[in-house]
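Enquirer: Pasting in a structure now, in structure tokens, and then I'll have a few things to ask.
The values are calculated or read from the model by the stated rules, or taken from the named source; none is laboratory data. Small disclaimer: the values here were computed from a predicted structure and weren't measured. Cβ placement follows ideal geometry from the backbone for every residue including glycine, while neighbour counts extend to all protein chains displayed. Surface areas here come from the heavy atoms of the whole protein model, side chains and all, with no ligands, DNA or RNA. Shrake-Rupley method; radii C 1.70, N 1.55, O 1.52, S 1.80 Å.
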2 protein chains.
Amino acid sequence: MKKVYVGIGALIEKDEKYLIVKRSPMKDFSANSWEIITGRLEIDEQPEQGVLREVKEETNFDVEITLPLNTGFFYRGENFPMVFIIYWCKYVRGELLLNWEHSEYKWLTLVEAIDNPELHVFTSSFKIIQELKKYLPKDFSISKFK
Amino acid sequence: MKKVYVGIGALIEKDEKYLIVKRSPMKDFSANSWEIITGRLEIDEQPEQGVLREVKEETNFDVEITLPLNTGFFYRGENFPMVFIIYWCKYVRGELLLNWEHSEYKWLTLVEAIDNPELHVFTSSFKIIQELKKYLPKDFSISKFK
């Protein structure tokens with residue numbers, strides 16, 4: 001097995017809505033597309049710390065991690081194999097401040113997110129949240145057990 | 001960010017017990033220690049497919065993935081940075097056949113696994129399962145949504 005990059009994604013929930021952001025025109029990959037908050041892990045970085053760091057950098061939010069939800073592999077570009085891990089996160093505090101990486105944002109309900117073809121890459125993750133929300137208490141978080 | 005290896009772990013549940021295995025004396029890393037089923041992803045491999053492949057190779061079991069539970073980063077050795085993803089899996093079928101990688105096995109309850117200091121690396125993952133099992137239906141699986 002060869003080495004790969006590891007990317008993380010954060011599905012941030014606040015008041016039953018989820019943050020999506022539009023990639024800046026300056027982005028080298030997939031400019032102007034709508035996505036969730038994403039980023040790459042640093043070497044030596046615990047993945048969940050990387051999620052908190054990327055969310056802070058890209059939104060100025062402090063969040064709590066509820067649970068990892070979904071994983072996958074794709075080529076972000078030639079010679080750029082990437083495993084990604086998507087985490088369900090809950091907003092804790094902070095005022096939204098986008099950095100240069102994104103030009104717009106929206107808050108969507110789960111149904112709006114699932115029905116949006118521009119977010120098809122994330123549809124299964126939104127569906128998993130929709131299912132988990134039927135059962136889990138609102139304050140569930142894996143961080144209590146670590 | 002540099003590239004890393006990606007390892008997967010499978011916490012396999014059958015009849016309310018969880019499979020642990022003893023690493024073979026031939027293993028280059030952490031020989032003779034007790035662990036869960038683990039492995040490394042191949043390049044181009046979807047992580048969840050990699051879990052099913054490793055479980056099949058090391059136990060002969062077919063399993064279903066319930067949910068990813070936990071993630072982390074460690075050095076498996078010098079120049080061997082590894083991100084790992086631990087999945088909760090449920091036994092579906094197959095007779096247990098260990099391959100050369102393991103010399104013994106045991107089935108433990110969650111309480112036994114959590115109380116076992118030899119499994120301290122996995123304690124938080126067992127605790128997350130213990131908590132999730134209070135809420136999720138027995139047939140919960142992310143594979144329905146993918």
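Enquirer: May I ask you to work out the translational diffusion coefficient for the protein assembly as shown at 4 °C, viscosity 1.567 mPa s, via Stokes-Einstein with Rh from the Kirkwood sum over Cα pairs, reported in whole µm²/s?
Expert: 66 µm²/s
Enquirer: Could I ask something else about it? Please give the length that would be gained between A:Glu57 and A:Arg40 if that part of the chain were fully extended, namely 0.36 nm times their separation in residues minus their C-alpha to C-alpha distance (nm, one decimal).
Expert: Residue separation times 0.36 nm, minus the Cα-Cα distance, leaves 4.9 nm.
Enquirer: Leaving ligands, DNA and RNA out of it, report the carbon-plus-sulfur percent of the accessible area of the protein assembly as shown at a 1.4 Å probe.
Expert: Carbon and sulfur atoms account for 50 percent of the accessible area of the protein assembly as shown.
Enquirer: Right, next: Determine the alpha carbon to alpha carbon distance for each of B:Lys17/B:Lys134; A:Lys17/B:Lys146; B:Lys22/B:Lys138 and list only those over 26 Å.
Expert: B:Lys22/B:Lys138
Enquirer: Continuing with this model, one more query. Let me know the mean shielding of B:50-57 by other chains, meaning the per-residue number of their Cβ atoms within 10 Å of its Cβ.
Expert: So the per-residue partner count for this stretch is 1.
Enquirer: How big is D for region B:40-136, in µm² s⁻¹ as a whole number, if Stokes-Einstein is applied with the Kirkwood radius of its Cα pairs at 20 °C and 1.002 mPa s?
Expert: D = 143 µm²/s.
Enquirer: If you take the accessible area of A alone, add that of B alone, and subtract the area of the pair, what total do you get in Å², probe 1.4 Å, to the nearest 100?
Expert: Chain pair A/B: roughly 3800 Å² of buried accessible area.
Enquirer: Then there's this: With a probe of 1.4 Å, find how much accessible area region B:77-146 has per residue, and write the answer as a whole number in Å².
Expert: So region B:77-146 comes to 54 Å² accessible per residue, rounded to a whole number.
Enquirer: Shifting gears a bit: Compute the distance in nm between two label points, each set 7 Å from the Cα along the Cα-to-Cβ direction, one at A:Leu98 and one at A:Glu118.
Expert: Going by the 7 Å Cα→Cβ label model, 1.0 nm.
Enquirer: Can you give the mean number of other chain Cβ atoms that lie within 10 Å of the Cβ atoms in peptide A:120-127?
Expert: Going residue by residue through A:120-127 and averaging, the value is 2.
Enquirer: I would also like to ask the following. Provide an ascending nm list, one decimal, of label-point separations from A:Lys138 to the equivalent residue in each further copy; define each label point as 7 Å from Cα along Cα→Cβ.
Expert: Sorted ascending, the copy-to-copy spacings read 3.1 nm.
Enquirer: Okay, next question. Can you pull the three principal axis extents for the Cα set of region A:1-88, in Å, largest first?
Expert: 41, 30, 20
Enquirer: Taking every residue in B:58-64, how many Cβ atoms of other protein chains lie within 10 Å of its Cβ, on average?
Expert: 0
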